[in-house]
Amino acid sequence: MNTPSRGPSIEDLRGELRAVGARPLHETLMLRAWVRGLPLAQYGARPDSPFPKALRAALPALNARFAALTAVRSEHVGADGATRASRRW
């Protein structure tokens with residue numbers, strides 16, 4: 001369930017993907033691309049894209065939602081000089 005303090009969950013994103021016609025294979029492809037840091041629009045832009053038209057049209061908005069899932073909340077420099085990021089989950 002999506003709560004204001006936590007932001008979207010993976011299940012919320014899966015639901016959004018399904019709402020625009022994604023099937024389980026499409027969900028898997030999208031999540032794999034996202035985890036690898038690949039732009040989601042890259043998959044929809046190909047002429048041989050296996051995604052439904054509604055999913056391709058929704059890619060820019062979905063990309064923003066996926067990015068919000070792991071947004072950096074703050075950064076802190078440790079005693080060793082390394083920067084540590086606090087992410088919103």
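Under the condition of being surrounded by 11 or more Cβ atoms within 10 Å (Cβ to Cβ), at pLDDT 80 or above, aliphatic (A, V, I, L, M) and assigned to a helix (DSSP H, G or I), the residues counted in the range 30-60 number 8.
Listed by first and then second residue, the pairs with beta-carbon distance under 8 Å, at least 6 apart or on different chains, first residue in the range 18-45 and over 14 Å from ALA61 (Cβ atoms), second in a helix (DSSP H, G or I) and among the acidic types (Asp, Glu), are ARG18/GLU27.
The values are calculated or read from the model by the stated rules, or taken from the named source; none is laboratory data. Note that the structure is predicted; figures quoted are calculated from it, not measured. Cβ sites come from the backbone with ideal geometry, for glycine too, and all protein chains shown count toward neighbours.
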